[in-house]
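Engineer: Please read through the structure below; I'll follow up with questions.
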Amino acid sequence: MTMTKRQGLTAAAAIGAILALGAGSAQAQFPNKPVTMVVPFAAGGPTDVVARIVGEHMSKTLGQPVIIENVAGAGGTTGITRVAKSTPDGYTIAMGHMGTHGAAPGLYPNIAYNPQTDFAPIGLAAGTPIVIVTRKDLPVKNLQEFIAWAQKNEKTINNANAGSGSVSHITCVLLHEMMKIDPNQIPYRGTGPALTDLVSGKVDYMCDQIVSVSSQVKGDAIKALAIATPARSPSLPDVPTTKEAGLPAFEVSAWNAVFAPKGTPADVVAKLSDALTKAVTDPATKKKLEDLGGVVPDAKGASPEALAALVKSENDRWIPLLKAKVKQ
Ligand code: ASP
């Protein structure tokens, strides 16, 4: 069969229209396969805990599983670098935090991503107050006794953290500065495994995000000396604030938030953002996070715009401070 020139043009236009339709519907169909959410720390820590709770609800809205992949190392920067360099199609996203997107550039001069320009922010998942926790049998009853004990035993005590630039690292760096001590710091691939060693008494203390320590505190497996927020947490009402415990200058809170790589199409960002907002405003999901001590944002607080502003203000706060304070 032969085609006239006119028939040929019409056929080409029809094929073009079908291809365009196909491309449009492929985007409209996002997601049509599972979404991977990279947690840049080991399982069992706060970032992992928040990702699993939020990811479970996001998968209901998206109609596809949200699979958690733990990619630990270098204070969380290894996993976040992987997401920054991944194809920006919405199928690889990250659960970042105040360390990876707020502070890490102050500690890694050659970091491979810029928290403000290499990501499409999706939204805040939870604020996570910092708690000073110790092994159960540490011979102190309160923060003042802890400070005296730490100053006396500075050379032999062990502080656990999730690696350089992690929340547990930078917040305890501030604490140590206030206590005027420079103790041994032991890095883990996340505060999940660090917490296991704190429970078994292999390390002495850490500064960590409330969501993974509150159950262990409630179960008396570890001790909480103070929470570094202006008010007590409803999740741990017996734990005094640092102000009440006599160290008002130590006030610091962390957060976990979802990021996609820069270049992710706007409609895909909107779908991910909608799924995250639905997760954090869902009463059951919100309760799960709040029971653990998480401070859950409202829809406005969970928006991409609010997260972009948070990352900028955290970079402005932490990067100069850490460059000046921490041995690189
Ligand atoms: N809380 C950890 C940190 O110190 C990381 C984690 O395991 O979520 O940054």
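Engineer: Please go through the range 129-162 and pick out each residue that is of a type in the set (Gly, Ala, Ser) and open to solvent by less than 10 Å² (accessible area, probe 1.4 Å).
Structural biologist: Ala150, Ala160, Ala162
Engineer: Does the range 169-186 include one or more residues that are open to solvent by less than 50 Å² (accessible area, probe 1.4 Å), out of contact with any Lys or Arg (no Cβ under 8 Å at 6 or more places or on another chain) and free of Cβ contacts under 8 Å to residues at least 24 places away in the same chain?
Structural biologist: Looking for residues that are open to solvent by less than 50 Å² (accessible area, probe 1.4 Å), out of contact with any Lys or Arg (no Cβ under 8 Å at 6 or more places or on another chain) and free of Cβ contacts under 8 Å to residues at least 24 places away in the same chain, one finds at least one in the range 169-186, hence yes.
Engineer: If I go through the range 41-57 residue by residue, how many of them are over 16 Å from Gly294 (Cα atoms) and crowded, with 24+ Cβ neighbours inside 10 Å?
Structural biologist: Total meeting the criteria: 1.
Engineer: Hey, another quick one. Condition test on Ile68, is it in contact with a Lys or Arg (Cβ under 9 Å, 6 or more places away or on another chain), free of Cβ contacts under 8 Å to residues at least 40 places away in the same chain and within 16 Å of the ligand (Cβ to nearest atom)?
Structural biologist: yes
Engineer: Quick check on my filter: what residues within the range 189-229 are touching a helix residue (DSSP H, G or I) at 6+ places or on another chain (Cβ under 7 Å), away from the ligand (no atom under 15 Å from the Cβ) and assigned to a loop (DSSP other than H, G, I, E, B)?
Structural biologist: Scanning the range 189-229 gives a single hit, Ala221.
Table: residues versus (1) outside any loop (DSSP other than H, G, I, E, B); (2) under 23 Å from the mean Cα position of the chain (by Cα).
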site: Pro234; (1), (2): no, yes
site: Pro237; (1), (2): no, no
site: Glu244; (1), (2): no, no
site: Leu247; (1), (2): no, no
site: Glu251; (1), (2): no, yes
site: Ala254; (1), (2): yes, yes
site: Ala260; (1), (2): yes, yes
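Engineer: Is it true that some residue in the range 176-188 is in contact with a Ser or Thr (Cβ under 9 Å, 6 or more places away or on another chain) and either in a helix (DSSP H, G or I) or among the aliphatic types (A, V, I, L, M) (or both)?
Structural biologist: Among the residues of the range 176-188, not one is in contact with a Ser or Thr (Cβ under 9 Å, 6 or more places away or on another chain) and either in a helix (DSSP H, G or I) or among the aliphatic types (A, V, I, L, M) (or both), which makes the answer no.
Engineer: OK, next. Here is a list: Thr87, Thr47, Thr117, Thr134. Which entry is more than 17 Å from Ala275 (Cα to Cα) and within 12 Å of the ligand (Cβ to nearest atom)?
Structural biologist: Thr47
The values are calculated or read from the model by the stated rules, or taken from the named source; none is laboratory data. These figures come from a predicted structure and were not determined experimentally. Methodologically, a virtual Cβ is constructed for each residue, glycine included, from the backbone with ideal geometry; neighbour enumeration extends over all protein chains shown. Side chains included, ligands, DNA and RNA excluded: accessible areas come from the protein's heavy atoms. Shrake-Rupley method; radii C 1.70, N 1.55, O 1.52, S 1.80 Å.
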